[in-house]
Amino acid sequence: MRDYLRGFEAAGVDQVAFIQQGGRNNHAHICAALDLFAAEVMPEFKERDAARRQARLDELAPYLDQAMARKQKMQALAPDEVPSFLALNRQVVEQGRQDQLTEAQRKDQEHWRRIGGRGA
């Protein structure tokens, strides 16, 4: 496992996702495996993390500076100038516009109603 992750690290990968929930994996076994990884494998990578992050920032600094120099600055908005929008599903529910839902959205709403959720 360490060798495999070192290969990712050497290639510049800085995040991995472990998918252990599939199949017939027992929850206790999944937790034990994650605990073992955290105790036995992760510390090696964690001790190099701060230096790796700094090296990446140093490498990207000239490009970030150039990008930020091109960025057009916006004037800051006062709190009362910041627009607020309701999510589409919430709009539909609150405004009673069920006819505007897609079939998938209708099924989602029905699912949440059946299980007692809020559905939006």
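The values are calculated or read from the model by the stated rules, or taken from the named source; none is laboratory data. Quick caveat: nothing in here was measured; it's all calculated off a predicted structure. Counting neighbours? That spans all protein chains shown, and the Cβs are built from the backbone with ideal geometry, glycine included. Surface areas here come from the heavy atoms of the whole protein model, side chains and all, with no ligands, DNA or RNA. Shrake-Rupley method; radii C 1.70, N 1.55, O 1.52, S 1.80 Å.
Within the bounds of the range 56-69, is there any residue that is on the phi < 0 side of the Ramachandran plot, basic (Lys, Arg), at pLDDT 85 or above and open to solvent by 80 Å² or more (accessible area, probe 1.4 Å)? Can you show your working first?
Keep residues of the range 56-69 that are on the phi < 0 side of the Ramachandran plot, which gives 56-69.
Next, only the ones that are basic (Lys, Arg) stay: 56.
Imposing the further condition that a residue be at pLDDT 85 or above reduces the set to 56.
Next, only the ones that are open to solvent by 80 Å² or more (accessible area, probe 1.4 Å) stay: 56.
Yes, there is a match, as at least one residue in the range 56-69 is on the phi < 0 side of the Ramachandran plot, basic (Lys, Arg), at pLDDT 85 or above and open to solvent by 80 Å² or more (accessible area, probe 1.4 Å).
The rows are residues; the columns are (1) of a type in the set (D, E, K, R); (2) touching a residue at least 60 places away in the same chain (Cβ under 8 Å); (3) part of a helix (DSSP H, G or I).
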| site | (1), (2), (3) |
| --- | --- |
| 5 | no, no, yes |
| 9 | yes, no, yes |
| 14 | yes, no, no |
| 25 | no, no, no |
| 34 | no, no, yes |
| 50 | no, no, yes |
| 58 | yes, no, yes |
| 61 | no, no, yes |
| 85 | no, no, no |
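As an exercise: evaluate residue 24 against (1) modelled with pLDDT under 90; (2) open to solvent by 100 Å² or more (accessible area, probe 1.4 Å); (3) under 24 Å from the mean Cα position of the chain (by Cα) and give the number of the one condition it does not meet.
(3)
Given (1) surrounded by 10 or more Cβ atoms within 10 Å (Cβ to Cβ); (2) modelled with pLDDT under 90, identify the lone condition not met by residue 38.
(2)
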